[in-house]
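Okay, so here's the structure we're looking at.
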Amino acid sequence: QVQLVESGGGSVQPGGSLRLACAVSRDIRTFILMGWYRQDPGKQRELVATINRGGWANYRDSVKDRFTISRDNDKNTVYLQMNSLKPEDTAAYYCYAKSLYNHEYWGQGTQVIVSS
């Protein structure tokens, strides 16, 4: 069973930064797509950023130029660097992985709170 374990969440003031990490129990090169989603209570889960095996990244418009997704294949870890955080970025952030066979995996989530 594949496990995705997020870390790095916390509370930060507006304008601050956090770096999320997603440690995966399997070689991440076996996944065709990895990414981060977020969800606020009462709202739908939304895509934040994805990165494919070739390193091509995709972002939702509201985080472009503020967030950066990256991957370290040697450490089987995917990161989300979040800068210039805004209160509307407050949510639970979930790591996501999609295999060659279209199996999808999720982490348990890590909470991010942006508040003054």
Fill in the blank from the handout: So, first residue touching a residue at least 60 places away in the same chain (Cβ under 8 Å) and assigned to a strand (DSSP E or B) in region 64-86, second residue open to solvent by 50 Å² or more (accessible area, probe 1.4 Å) and among the aliphatic types (A, V, I, L, M), Cβ within less than 8 Å, six or more apart or across chains; the pairs are none
Problem - All positions within region 1-43 that are open to solvent by 80 Å² or more (accessible area, probe 1.4 Å), modelled with pLDDT under 95 and over 16 Å from HIS103 (Cα atoms) - result: PRO41, GLY42, LYS43
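The values are calculated or read from the model by the stated rules, or taken from the named source; none is laboratory data. Please read these numbers as outputs of a predicted model, since none were measured by experiment. Glycine gets a Cβ as well: all are built from the backbone with ideal geometry, and neighbour counts include every protein chain shown. Only protein heavy atoms, including side chains, enter the accessible area calculation; ligands, DNA and RNA are left aside. Shrake-Rupley method; radii C 1.70, N 1.55, O 1.52, S 1.80 Å.
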